[in-house]
1. As a test of understanding, state the convex hull volume per residue of the chain from its alpha carbons, in Å³.
2. With an 8 Å cut-off on Cα pairs and a minimum separation of 6 or more residues, tell me the relative contact order of the range 101-213 in percent.
3. Wrap a convex hull around the Cα atoms of the range 50-90, take a quarter of its surface area, and give that in square nanometres.
4. Take 134, 178, 59, 144 and order them by how many other Cβ atoms sit within 10 Å, fewest up front.
5. With 10 angstrom as the radius, rank 201, 33, 92 by how many other C-beta atoms surround their C-beta, starting from the fewest.
6. Work out the FRET efficiency for residue 46 and residue 207 from their Cβ-Cβ distance, taking R0 = 22 Å, and round it to the nearest 0.05.
7. What nm distance separates the two modelled labels at residue 171 and residue 53, each placed 7 Å from Cα along Cα→Cβ?
8. Considering Cα pairs under 8 angstrom that are at least six residues apart, work out the relative contact order of the range 82-131 and quote it in whole percent.
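No value in this document is a laboratory result; all are computed from the given coordinates. Small disclaimer: the values here were computed from a predicted structure and weren't measured. Counting neighbours? That spans all protein chains shown, and the Cβs are built from the backbone with ideal geometry, glycine included.
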């Protein structure tokens, strides 16, 4: 899901003294669409936890709500996560959505439980925009480097997530299982546009508190017709 170092941007970064930061541009982004009510998902959840140990990857789990009817309401799901998956389906011209689906760099998708397929898909596309994400006092600051101009419009997306959660599923297909989830997305907000130039974007840390998040990722992402998510150009993530 080649490192690009931008000298001018790196010099600017050296002047800052943030409390925490991701200094290295991510090599890839793995977005897993999963559900606590899906019996096929735990292997994919475990695979995402393994991938999350790679500091060169941004890994995010979007819990969807369309399996809730099976008897267990996913405690981490939201309609917004489900809508994001449907947006990808429109971009991929897919007839339906499924879990566990791993979307790689916003460009392709595979079964999230298939580790070799996820790795192979990440190798086929690279991120070309450097992103540095820092926490400075009560702000989360994203700084983007110059890069290839997007083919259309591109936006800056702040993703707020819970780094670790252990959930005991009491009903449905996974009844009786306690499953560990990593980087579960709780809310998403768009804060600006990216035009291929260096930029700075800020959000208050209080945005994390609203949802109970303890981590933040920033995606530089192209958007398609109707606002559907498209190719990811750059990314970074930090724990708050």
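1. Each residue corresponds to 112 Å³ of Cα convex hull volume.
2. 26 percent
3. Mean projected area of the Cα convex hull: 4.0 nm².
4. On the way: 134 20, 178 9, 59 25, 144 29.
Ascending Cβ contact count within 10 Å gives the list 178, 134, 59, 144.
5. In increasing order of surrounding Cβ atoms, one gets 92, 201, 33.
6. Given R0 = 22 Å and the Cβ-Cβ separation, E is 0.15.
7. 3.6 nm
8. Contact order relative to length: 23 percent.
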